[in-house]
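See structure below.
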Amino acid sequence: MIDIAELFRKFEASPLHLLSDLPNETGIYWLADHDGKRRYVGITDRLGFLQRINKYHCAGDETNSHKFSCNYNVGRMYRDPKDRGDDALKAKKLRSCFIRKHCSAACLPIIAPKEELERVERQIIALAQPDTVAWNHSRNRLATFEEPTELVDQLIAELGWSDVDRLAVDRQSRFSARAKHLKSNE
């Protein structure tokens, strides 16, 4: 039987790692935003942390519970899920690059059946401070914060994007503002 209180203390103290440096083991993970604030607890029982988090939360679409993709779907990184145009795809690429560069995760390898991992996940969420599991309680498909403009500017420069690429994501930011306005009027 797993001692949840001890496991929680260990998990809470575990360091955050860049998403490219995650282990390829299964267990429980804690996603952190670009400021290093923990926001979401999840499990992976089949894929390792590296594959699960990068494939789904980073590169996943905006309609499912892909926490990074949903919460960073803002500003120049915005893409309407139905939009497959060049501008939208460029914005999604920018978002994925941003997440991989600026977000992180803590991982706690646990070998257990899915049902046990789900039980541990529920108990960890119950022990955690509400702000550290805020994304667990949200089904909001729009970002919960504004675009981190300075970091996005730096990333675009690092990527060496052309003026055409920059204009494409600038156009996407107008769609982001419109979507946020529509959502606030619902």
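Lys and Arg at +1, Asp and Glu at -1: add these up for the other residues within a Cβ distance under 13 Å of Q129 and post the number. Once all neighbours under 13 Å are counted, the net charge is +1.
For the chain, the longest principal axis of the C-alpha atoms and the axis of helix 4-13 are separated by about 40°. Extending 7 Å from the Cα toward the beta-carbon at both Q123 and H137 defines two label points whose distance is 2.2 nm. Ligands, DNA and RNA are left out, and with a 1.4 angstrom probe the accessible area of the chain is 52 Å² per residue.
When the chain is treated as a GNM with alpha-carbon contacts under 10 Å, the residue of D61, D87, D21 showing the greatest mean-square fluctuation is D21.
Charges were assigned to the Cβ only: +1 to each Lys and Arg, -1 to each Asp and Glu. The resulting dipole of the chain about its Cα centre is roughly 480 debye. Its DSSP H runs of at least 4 residues, each contributing -39,500 (n - 2.57), put the calculated 222 nm mean residue ellipticity of the chain at -14000 deg cm²/dmol, to the nearest 500. Here region 67-124 is treated with +1 on each Lys and Arg Cβ and -1 on each Asp and Glu Cβ, and its dipole about the Cα centre works out to around 340 debye. Look at the dipole of region 35-109 built from charges on Cβ: of L94, A59, A105, the Cα furthest out on the positive end belongs to A105. Based on the convex hull around the alpha carbon atoms, region 1-133 presents an average projected area of 8.0 nm². The trypsin sites (Lys or Arg not before Pro) found in region 58-153 that occupy coil by DSSP, while having at most 12 further C-beta atoms within 10 Å, are K82, R84, R139.
Of the options I4, W135, G75, report the single residue whose Cα projects farthest towards the positive end of the charge dipole of the chain (beta-carbon charges: Lys, Arg +1; Asp, Glu -1). Result: G75. Across region 94-106, rounded Karplus estimates of 3J(HN,Hα) from the backbone phi angles (6.51 cos²θ - 1.76 cosθ + 1.60, θ = phi - 60°) give 4, 4, 4, 4, 4, 4, 5, 7, 10, 9, 8, 8, 9 Hz, Gly and Pro being marked x. Taking all protein chains in place and a 1.4 Å probe, what share, in percent, of the accessible surface of the chain do carbon and sulfur account for? Roughly 51 percent of what the probe reaches on the chain is carbon or sulfur.
The values are calculated or read from the model by the stated rules, or taken from the named source; none is laboratory data. For clarity, every value in this text was computed on a predicted model and none was experimentally measured. Positions of Cβ are backbone-derived with ideal geometry, glycine not excepted, and every protein chain shown enters the neighbour counts. Keep in mind that these areas ignore ligands, DNA and RNA; they rest on the heavy atoms of the full protein, side chains included. Shrake-Rupley method; radii C 1.70, N 1.55, O 1.52, S 1.80 Å.
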